[in-house]
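Here is the structure we will look at, set down as structure tokens.
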Amino acid sequence: MAEPSIQENGPDVRVERDGDLAIVTIDRPKALNALSPDVLSALLTAFETLSAEGSAVRGVLLTGAGGRAFVAGADIRSMAELTPEQGEDASRLGHRVAAAIEGLPAPVIACVDGFALGGGLELALACDFIYATDASSFGQPEVHLGLIPGFGGTVRLPRAVGLARAKELIYTGRRIDAAEAIEIGLVSRSFADRDALFAGARATLDEVRANAAPAVGLAKRVLVDAAGRRTESATELEIAGFGDAFRTEDMHEGVAAFIEKRVPEFTGA
Ligand code: DAK
């Protein structure tokens, strides 16, 4: 395996590569990794750059540095003086980051170790799923500040936990622990500590990487695009994606290998 490489995307975001895996770290621990406009821009660049690599990227772990927070929210200080128009622009930038994560064909696991609040939880919700340490906590506390979620929380939280639970969390701004987050389906798995969290996330990506890359990418595209659509329109997306799978060499290899009773040799084509 090649030596892991590190790329800086601005001072507060770094991307480490380990072969076809990428670890994106928000590294602003003094502000509990709060999402300033610079951090959001750097995240956008990081995910757009990974997207441009196509099938050379098979999985991404998104995390926060410092051991106290994934992300404690949008940067409250940088929001203080915004006009309504600037508020909308800030919201758009957050949505572009979420879209870049959802548009990446490879799965992105949010590895939460500590607070995932406000814009931080929204960032995690844009990932394919959330793994967390037992000591983590989650919430949408915007109403405590006179705000509402601005990076997709009103859209993705109800999809993750159901409309009633999302309303309860958003209207109260209440924080929940990892155990409750698992119970309501917000977090997929929790782990005793950060090392176990990363080992677990890497093990999941290893399972994914054994499969045909184009099929995983097509499945993600359909799952992301179909979410929230009416049944008929959503199933049309699945039909198109299913057809697209037949255009890939890996699909023909996978089916042939099954019939010939051998292990498939996927190439990502
Ligand atoms: N922004 C900026 N700085 C933050 C921060 C944040 N969200 N969260 C923490 N910090 C900073 C603190 O100010 C403190 O800095 P210093 O005072 O040391 O300089 C440092 O991080 C450590 O925090 P604490 O001293 O407060 O640490 P504690 O352990 O006592 O408390 C805490 C940890 C996470 C419970 C507490 O820091 C906290 O309640 N933080 C705020 C959490 C929060 O409300 N987050 C949601 C923010 S609202 C928008 C788009 C999206 C959104 C809004 C607008 N637009 C389109 C405009 C989304 C909004 C949100 O995310």
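The figures follow:
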quantity	calculated
Point-to-point label distance, Arg92-Ala196, nm (Cα→Cβ direction, 7 Å offset)	4.5 nm
Tilt relative to the chain, helix 84-103 - C-alpha long axis, 0 to 90 degrees, to 10	20 degrees
Dipole magnitude of region 47-110, debye to nearest 20 (Cβ charges: Lys/Arg +1, Asp/Glu -1, about Cα centre)	320 debye
Per-residue Cβ neighbour rank within 10 angstrom, fewest leading, His252, His144	His144, His252
FRET E, pair Asp177, His144, Förster distance 25 Å, beta-carbon r, rounded to 0.05	0.85
Degrees separating the helix 213-226 axis from the principal Cα axis of the chain, which is the longest one	50 degrees
Angle between the chain longest axis and helix 163-172 axis [Cα atoms, degrees, rounded to 10]	30 degrees
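Every read-out reported here was derived from the displayed coordinates using simple, explicitly stated rules and does not represent laboratory data. These numbers were taken from a predicted model, which means no experiment stands behind them. Reconstructed Cβ throughout: ideal geometry from the backbone, glycine too, with neighbour counts over all protein chains shown.
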